[in-house]
Structures are given as C-alpha cells and as structure tokens.
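Here is the structure we will look at, set down as structure tokens.
The values are calculated or read from the model by the stated rules, or taken from the named source; none is laboratory data. For clarity, every value in this text was computed on a predicted model and none was experimentally measured. Virtual Cβ from ideal backbone geometry, glycine too; neighbours counted across all protein chains shown.
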Amino acid sequence: EVILEVRGLGKRYRTPQGDTEALKGIDFSVRRREFVCVIGPSGCGKSTLIRILAGLDQHTDGEALLDGKPIKGPGQDRGMVFQGYSLFPWLTVKKNVMFGPQMNGRGRDEAEHDAMMWLDLVGLEKFADAYPHQLSGGMRQRVAIARALVNQPRILLMDEPFGALDAQTRARMQTHLIDIWKNIDITVLFITHDLDEAIYLADRILVLKAHPGEVQEVIEVPVPRP
Ligand code: ADP
Ligand code: ADP
C-alpha cells in the first residue's frame, strides 16, 4: 500500500537575485510502515522537500499525494519533528502534547488521556508537569515525537531531528525511535545528512543527487534490517 507518492516534484524559489531551482523532477513513493531516509549534500533540497510534504511550502511543479490526495497546506495526517525543539516554552510537557488534540476539538480529559499515553510510550510520563527548559535535549525531542504522534498521523516527517544532540544521545534516540516505529502503525520519512544514521534507521535510503539545470536523480538503496 503506497502512502506517499511524489511525481515530478519541482520547486523554484524566486528571489531578487534571480530564481533558485531547489528541486526538479523528483520521483519516489513510500509504502505503509516503511522507514525511509533521505540523504544528500547540503543544498540539494532536502529541507525544501520535507517542508512541501508538511504543507509549509508550496511546490511549483509536479505533485505530492498522501493517500492519493494532493497535499495542500498542513494537516493532522502528518506529524512533524524538526531539529530545533519546537515546543512551547510556556506550556508544561503534558500541555505541549495536549495542544494538538485540543486544537482538533478533543475534550480536555480525552486530550489529557491521549497525551499521557504518548508520554508513557516515550518514557516521559513522570515529566508531564515539567517545563521544556527543565529537560535535556534528548528528552525534549522525545516530547516532540509524542506531540507529533498524538494525533495519529499517517506519516511522520522528521528533518534532522537528532542533529543538535551529542553522539551518545543521538544513538539512544535512534534506538528509541526504532522501538516506537516497530510498535505502532506509522510510516516515517526521515531527513539526515548522516549516512550512518540512515543505514541504522532506514528500510530504504533515497539519495538526492543535485544536477544543476537538469532533473535531479533519486537513487534508491534498500537496507536489510538486522
Ligand atoms: P538542504 O536541506 O538539502 O540543505 P534546502 O532545501 O535547504 O537544502 O535548499 C535547497 C536550495 O534552495 C538551496 O540552494 C537553498 O539556497 C535554496 N533555498 C532554500 N530555501 C530558500 C528560500 N526560502 N528562498 C530562496 N532560496 C532558498
Ligand atoms: P539526553 O542526554 O539528551 O537526554 P536522555 O533523554 O537519555 O538523553 O536523558 C538525559 C538524562 O535525563 C539522563 O541522565 C537520564 O537519567 C534522565 N532521564 C531521561 N529520561 C528519564 C526518565 N524517563 N526518568 C528519569 N530520568 C530520565
């Protein structure tokens, strides 16, 4: 079952200095429950790609389909985790995770129940009443993962989520993410510039190769899972 389908995707930024072609002719698809990593050199358009899939930016060519429907704008069918901890600093950990369900019209008690369930899954139920600044970097990214998953998205979009963590914490977070992924019905698209991270996490690696002025090549590398 294909969840995400990207066909001939292109993005041209217009700037006063002229146009920048950030993506051109990108083709790939992601199946349900797959863990796909995207790697490629700096500036090849990885962040642009994930921002388009998140609905935070608009493509200028081609199409991106989620469950067969064109992506336009953000939606609760996509969970997102970025490198910077995008937690609200003035809300407790629990309220950060409750925010999405409440925006979706879940009642307070239901939202709290959902939040606690996901905080339990990331091992932070004891920190529900703490504030983000009281947590370590790894713990904050675990809260961000809980917050991204609480609305039960179809796909989790992650842009260098562990890029700001030290090597030991990053390794723990990778193991932790794989544990979560194994236990729930979630599809992951994960951007990294770290090949070791991609090999450890992915079922399949998409290598974005920039060819200035031409269609970009996407090389697909299957990774056998140990
Ligand atoms: P990556 O994440 O692979 O490093 P990006 O998606 O950030 O690549 O950038 C791809 C290209 O698009 C780069 O040449 C970058 O300079 C350009 N770019 C990214 N965002 C913008 C923007 N908002 N306006 C103009 N150019 C941009
Ligand atoms: P990083 O070093 O950034 O976070 P961890 O997420 O493992 O990595 O947490 C850092 C510190 O917080 C560790 O010293 C750990 O003991 C403590 N910690 C993390 N999770 C919990 C938890 N669920 N209960 C108690 N302490 C925790």
| remark: Matching residues in the stretch 109-122 (more than 20 Å from the chain's Cα centre (by Cα), surrounded by fewer than 21 Cβ atoms within 10 Å (Cβ to Cβ) and not acidic (Asp, Glu)) number 3
| task | Can you confirm whether the stretch 114-133 contains a residue that is touching a residue at least 12 places away in the same chain (Cβ under 8 Å) and within 16 Å of ligand 1 (Cβ to nearest atom)? | result | no
| What pairs come up if the first residue lies in the stretch 58-86 and is at negative phi, the second is among the charged types (D, E, K, R) and in a strand (DSSP E or B), and their beta carbons are under 7 Å apart, counting only those six or more places apart or on different chains? | His59/Lys11; Thr60/Lys11; Thr60/Arg12; Glu63/Arg7; Leu65/Glu5; Pro70/Glu63; Phe82/Asp159; Gln83/Asp159
| said: Going residue by residue through the stretch 194-202, is there one that turns out to be in contact with a Lys or Arg (Cβ under 6 Å, 6 or more places away or on another chain), closer than 19 Å to Val221 by Cα and either buried (at least 19 other Cβ atoms within 10 Å of the Cβ) or among the small types (Gly, Ala, Ser) (or both)? | reply: no
| query | Within the bounds of the stretch 93-106, is there any residue that is within 16 Å of ligand 2 (Cβ to nearest atom), modelled with pLDDT of 95 or more, of a type in the set (D, E, K, R) and crowded, with 19+ Cβ neighbours inside 10 Å? | reply | yes
| said: Name the residue that is farthest from Val223 (Cα to Cα), counting only residues in the stretch 169-192 that are under 14 Å from the mean Cα position of the chain (by Cα) and away from ligand 2 (no atom under 16 Å from the Cβ). | reply: Ile186
| Checking Gly45 against (1) crowded, with 19+ Cβ neighbours inside 10 Å; (2) free of Cβ contacts under 8 Å to residues at least 12 places away in the same chain; (3) not β-branched (Val, Ile, Thr), the condition it does not meet | (2)
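Between Phe35, Phe28, which is of a type in the set (Phe, Trp, Tyr), under 15 Å from the mean Cα position of the chain (by Cα), modelled with pLDDT of 95 or more and under 29 Å from Leu165 (Cβ atoms)? Break it down stepwise before answering.
Details: Phe28 fails: under 15 Å from the mean Cα position of the chain (by Cα).
Unique residue meeting the criteria: Phe35.
Considering only the stretch 53-71, how many residues are in a loop (DSSP other than H, G, I, E, B) and away from ligand 1 (no atom under 16 Å from the Cβ)?
Going residue by residue through the stretch 53-71, those that are in a loop (DSSP other than H, G, I, E, B) are 55-60, 67-68, 71.
Add one more test, that the residue is away from ligand 1 (no atom under 16 Å from the Cβ), and what stays is 67-68, 71.
Final tally of qualifying residues: 3.
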| query | How many residues does the stretch 1-29 hold that are in contact with a helix residue (DSSP H, G or I) (Cβ under 9 Å, 6 or more places away or on another chain) and surrounded by 15 or more Cβ atoms within 10 Å (Cβ to Cβ)? | reply | 7
